[in-house]
Amino acid sequence: MNKYILSKKLYRNELATFYSFLIGFLIALAVGSLILFIQEKNPFDVFSLMLKLSIGSVNSLSNSLNKAIPLILAGLGISIINSVKLWNIGAEGQIFMGAIALNFVYINTSINNSQIYILLLLVSGFLGGAFCIFFPAITKVLFGVNEIITTLLTNYIVFGLTIYLINGAWKDPASLNFPAAAYVSESVYLPTVLGKLSSGFLICILFTLIAYYIKDKSVFGYEMRIAGGSELTAIYAGISAKQKAFFAMLIGGGFAGLAGAIELLSQTHRVSTGISQGFGYTAIIVAAITGMRPIGIFLVGCLFGALTIGGSVIQTIGVSSYIAEIIQATTLFGALVAQFFFSYEILKKDEND
Amino acid sequence: MIDVQLMGLLNATLQAATLLFIAALGELITEKSGILNLGVEGMISVGAVSGFITAINTESLFLAVIVGVLSASAFSSIHAFVTVVLKQDQTVSGLILTILGLSLSSLIGKPYVGKKLEVKLESLIDIAEPSNIFQVLLSQNLIFYIAILLMIFTAYILKKTMFGRRIEAIGEDLKSADSMGLKIAKTQFIATCVGGAFAGLSGVYLTLSYVPYWTDGMTSGRGWIALALVIFGGWKPYRTAFGALLFGFLEALGPRLQTYGFEMSPYIVKITPYIITILVLVFLTIIKNGNTGAPKNIGIPFFRENR
């Protein structure tokens, strides 16, 4: 009846993920063009303006890379957690929690040496992110509670907590119409390294390497892969799958919390609802599109950071910034479509079969 | 006086529950066929915005409901195509469906933010101040009754008809279903699109009745609560309805706590439904010892090995 059958390819091209990404990106640009076309805008003009204003000068390039920092760090966190085949949809909340924890420590301590103080604040951001995922993690390993739903719902709780704090206990009397916490002292700002580029980007490079090491080179990473792969193998190898899952989740949450801390110390300088603008969700796309590879996350994170900046600047010519988000999401859908053709082949059925 | 307050609470409970329940019921059907669709939030949003835009431009509620339902269903077919036809990861695809749905509806809804709806889904029988349960039930709008019919209908189809048994067979045991000659891809594709249509109806209820205006992110996590509801209901329509009433009650109770004499920050009140959802989910998973009654093949793409 069916003349064609589907067959899994024996060999999968090593660069399949990369090619899929490129194809996906082209598909997304085509979809983006179509939307712009419907809105009676010239896609070529809009895209070239986006390109110019996101990577055209040192200033715009550094803006783009600054935006990439939270995407990369949260993406790395998601990829570490995915080593044990679990999902972290709560990076958005963990970013906010990182900033909240930082501010909490900042208010309650005082250290004269600003370098040590910055380090302490960054560590508290990391711990804040880890704290944020603690409940989903402990209920996952102890009782098997669906971590996708618990981490996602945590986002709404932490966002509500942020609004509660900046309207109440932490409210800066000077912030009237746009409630926010008080600014941190200038002595703890993260210094810039080039143009507007924050030194947070260097931390980001360091953590990309750390994530690469943890995932691909360390014993812990190896054990995580086994724990995520097969329960029986893990038991046979004497690996506690639950313990690995628990620590993977805490570390991954910490990465996202660190992103919030860096965002506070380098961009917003205070706790506000602007700490994250959906970075935690975009990070899911960044992580998934690279097949959870840290180096890939770093590169795609930079690209998506530029896209986000490009999306926000084209608002000045009356184009919605949502175009950038739609391109990002469609890239992943396009990549999924392309992945199919790298993993399967359609064969003609043999008549004698 | 107490009675009027209580009836107000009951009314708000029913409305909040209807919204959650329709989306959850759709997801239940999809998941029964073995497809996990995490895109509920995005699909509700697409249905909500397209229904709202249609209502503003045509002033026809009937057309608005149809457009909302069909566009969300068409939108869910992206997920069906990627996971059923192309056999890609259901978690990834569903998540992106949510992200894409939210940004897409923000894009097309932008010119409509703050616009007032001239037509609104009115209750069938207008009762200004319902004083007993029957009056509250009677004063609901059409979608509430449709939701009840859908519940009975879905429960019947899943349990008593061949089509329903096929869906369940596919969700439970792909290999046996395949050797029985069931059309797996077709069934899963349909189940996913039906789930999308239900989410669209829930979205239409949101913008045409529950809060009759459009603003960004107004679904505010309801799609995810609906996903939790499916687990809560153990993949059974009636139990899911009970869960929806419970969650709807909690959502309705929050803003009213102050009138009952509880001093609570409104910001904290807002996050209670999410906290309670998590706690209920944890409690439920513990008492069922991890065995929630999920379809066994959920999330596993079907691929017939070469023989």
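Quick notes on this structure:
- Taking the listed residues B:Ala244, B:Ala228, the one that is at negative phi, away from chain A (no Cβ under 13 Å) and in a helix (DSSP H, G or I) is B:Ala244, with no other qualifying.
- Verdict on A:Gly160 being in contact with a Lys or Arg (Cβ under 8 Å, 6 or more places away or on another chain) and either within 10 Å of chain B (Cβ to nearest Cβ) or more than 19 Å from A:Ile80 (Cβ to Cβ) (or both): yes
- Filter result for A:Leu10 (assigned to a helix (DSSP H, G or I) and exposed (fewer than 15 other Cβ atoms within 10 Å of the Cβ)): no
- Listed conditions (1) away from chain B (no Cβ under 14 Å); (2) of a type in the set (Asp, Glu); (3) more than 21 Å from A:Thr162 (Cβ to Cβ) are all met by A:Glu325, apart from (1).
One line per residue, one yes/no per condition, for (1) within 28 Å of A:Ser60 (Cβ to Cβ); (2) out of contact with any His (no Cβ under 8 Å at 6 or more places or on another chain); (3) not polar (S, T, N, Q):
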{"residue": "A:Ala181", "(1), (2), (3)": "no, yes, yes"}
{"residue": "A:Thr192", "(1), (2), (3)": "yes, yes, no"}
{"residue": "A:Ile205", "(1), (2), (3)": "yes, yes, yes"}
{"residue": "A:Lys215", "(1), (2), (3)": "no, yes, yes"}
{"residue": "A:Ile226", "(1), (2), (3)": "no, yes, yes"}
{"residue": "A:Ile239", "(1), (2), (3)": "no, yes, yes"}
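- Filter result for B:Leu104 (touching a residue at least 40 places away in the same chain (Cβ under 8 Å), within 14 Å of another protein chain (Cβ to nearest Cβ) and either farther than 18 Å from A:Ile284 by Cα or out of contact with any His (no Cβ under 9 Å at 6 or more places or on another chain) (or both)): yes
- Selection count, the stretch B:165-223, where residues are surrounded by fewer than 17 Cβ atoms within 10 Å (Cβ to Cβ), aliphatic (A, V, I, L, M) and assigned to a helix (DSSP H, G or I): 1
- Reported count of residues in the stretch A:328-349, each being part of a strand (DSSP E or B) and at the interface with another protein chain (Cβ under 10 Å from one of its Cβ atoms), is 2.
- No other residue among B:Arg256, B:Arg304, B:Arg222 is more than 7 Å from chain A (Cβ to nearest Cβ), in contact with a strand residue (DSSP E or B) (Cβ under 8 Å, 6 or more places away or on another chain) and in contact (Cβ under 8 Å) with a residue 12 or more places away in the chain apart from B:Arg304.
- Of all residues in the stretch B:273-283 being at the interface with another protein chain (Cβ under 9 Å from one of its Cβ atoms) and at pLDDT 85 or above, the one that is surrounded by the fewest Cβ atoms within 10 Å (Cβ to Cβ): B:Ile275
- A:Leu307 under 28 Å from A:Leu15 (Cα atoms) and surrounded by fewer than 23 Cβ atoms within 10 Å (Cβ to Cβ): no
- Being part of a helix (DSSP H, G or I), within 30 Å of B:Ser131 (Cα to Cα) and either within 12 Å of chain A (Cβ to nearest Cβ) or touching a residue at least 12 places away in the same chain (Cβ under 8 Å) (or both) is true of B:Thr18.
- With respect to (1) assigned to a helix (DSSP H, G or I); (2) within 24 Å of A:Trp87 (Cβ to Cβ); (3) β-branched (Val, Ile, Thr), the lone exception for A:Ile309 is condition (2).
- Test: residue in the stretch A:242-262 that is of a type in the set (Phe, Trp, Tyr), over 24 Å from A:Lys171 (Cα atoms) and without any contact (Cβ under 8 Å) to a residue 40 or more places away in the chain: yes
- Matching entry among B:Lys116, B:Lys110 (being more than 14 Å from chain A (Cβ to nearest Cβ) and among the basic types (Lys, Arg)): B:Lys116
The values are calculated or read from the model by the stated rules, or taken from the named source; none is laboratory data. Since the structure is predicted, the reported quantities are computational estimates derived from the model, not experimental observations. Counting neighbours? That spans all protein chains shown, and the Cβs are built from the backbone with ideal geometry, glycine included.
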